[in-house]
Amino acid sequence: MERRGFVQSISALIGSMLLAVAGLGTVLIQGVASILNGKSQEGDWIPVDHIDRILPGKPTERTISYLTKDGWEEKNDRQKVLILFEESEPVVYSSSCPHLDCPVSLIPDEERFVCKCHMSYFDVQGKVMEGPSPRGLDPLPTKIEDGVLYCRWVRFQSGGSKSVEI
Ligand code: FES
């Protein structure tokens with residue numbers, strides 16, 4: 001083979017390999033995205049995020065989405081969840097305030113959670129620091145599978161000192 005032909009063959013081979021790697025990367029990214037945007041039903045395991053994207057020791061929040069059915073009508077519901085990844089075990093809390101179900105949010109600079117309806121504050125472990133909430137944040141069932149953190153969206157009775165699923 002002439003030198004010119006050899007160089008062209010090597011260039012073509014390297015080009016094919018780069019395209020294959022780029023294609024595989026795209027497939028993997030699309031795979032994770034499709035898991036996270038999947039159509040879980042309420043009560044199913046719902047993907048929260050890839051576990052690598054949740055920093056240990058830092059409270060954070062994510063929005064989960066799932067399908068709910070009302071008769072024939074199907075709609076996409078979204079809920080915020082609050083996360084603390086401690087000692088290799090992520091804990092996912094419901095963002096529904098135990099007082100009267102208002103939404104609880106992260107105050108990032110203070111690393112604590114707040115419900116602005118009646119100003120209940122919760123520490124990053126979900127315990128009540130101040131305000132009228134009768135208990136800490138309600139933890140949701142979680143699992144990690146293939147590097148993805150999942151939770152189940154569960155509703156709890158508001159107002160009581162103990163977490164009771166409804
Ligand atoms: S509903 Fe959250 S403090 Fe009242």
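Per-residue answers, yes or no, for (1) at pLDDT below 70; (2) surrounded by 12 or more Cβ atoms within 10 Å (Cβ to Cβ):
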site: R3; (1), (2): yes, no
site: F6; (1), (2): yes, no
site: L13; (1), (2): yes, no
site: Q30; (1), (2): yes, no
site: I46; (1), (2): no, yes
site: D52; (1), (2): no, no
site: G71; (1), (2): no, no
site: V92; (1), (2): no, yes
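So, in region 96-141, of the ones that are of a type in the set (D, E) and not in a strand (DSSP E or B), which residue ends up farthest from V164 (Cα to Cα)?
Filtering region 96-141 down to residues of a type in the set (D, E) leaves 101, 109-111, 123, 130, 138.
This time we only want the ones that are not in a strand (DSSP E or B), so: 101, 109-111, 123, 138.
Details: D101: 13, D109: 31, E110: 29, E111: 27, D123: 21, D138: 9 Å.
The qualifying residue farthest from V164 (Cα to Cα) is D109.
The C-beta contact set for region 115-131 (first residue assigned by TED's automatic domain parsing to the domain that holds F85 and modelled with pLDDT under 95, second residue surrounded by 15 or more Cβ atoms within 10 Å (Cβ to Cβ) and hydroxyl-bearing (S, T, Y), distance under 9 angstrom, 6+ apart or interchain) comprises G126/Y93.
When R62, R78 are checked against the criterion of being under 17 Å from S105 (Cβ atoms) and touching an Asp or Glu at 6+ places or on another chain (Cβ under 6 Å), R62 stands alone in meeting it.
Return the residues of region 104-151 that are more than 14 Å from the ligand (Cβ to nearest atom) and of a type in the set (F, W, Y); say none if nothing qualifies. Correct list: Y150 only. Of all residues in region 59-86, those that are touching a Ser or Thr at 6+ places or on another chain (Cβ under 9 Å) and under 30 Å from V124 (Cα atoms) total 15.
In contact (Cβ under 8 Å) with a residue 12 or more places away in the chain and more than 16 Å from the ligand (Cβ to nearest atom), is that true of Y93? Spelling it out, it is not the case that Y93 is in contact (Cβ under 8 Å) with a residue 12 or more places away in the chain and more than 16 Å from the ligand (Cβ to nearest atom). Looking at S161, is it part of a loop (DSSP other than H, G, I, E, B), within 16 Å of the ligand (Cβ to nearest atom), surrounded by fewer than 11 Cβ atoms within 10 Å (Cβ to Cβ) and free of Cβ contacts under 8 Å to residues at least 40 places away in the same chain? For S161, the condition - part of a loop (DSSP other than H, G, I, E, B), within 16 Å of the ligand (Cβ to nearest atom), surrounded by fewer than 11 Cβ atoms within 10 Å (Cβ to Cβ) and free of Cβ contacts under 8 Å to residues at least 40 places away in the same chain - is met.
Kindly establish whether D101 is within 16 Å of the ligand (Cβ to nearest atom), of a type in the set (D, E, K, R) and in contact (Cβ under 8 Å) with a residue 40 or more places away in the chain. When the stated conditions are applied, D101 passes them.
For region 72-87, check the following and say yes or no: at least one residue is assigned to a loop (DSSP other than H, G, I, E, B) and either under 17 Å from the mean Cα position of the chain (by Cα) or within 16 Å of the ligand (Cβ to nearest atom) (or both). Checked region 72-87: no residue is assigned to a loop (DSSP other than H, G, I, E, B) and either under 17 Å from the mean Cα position of the chain (by Cα) or within 16 Å of the ligand (Cβ to nearest atom) (or both).
The values are calculated or read from the model by the stated rules, or taken from the named source; none is laboratory data. What you see is a predicted model; the values in this text were computed from it and never measured. Because the Cβ atoms are built from the backbone with ideal geometry, glycine has one as well, and the counts that use them run over all protein chains shown.
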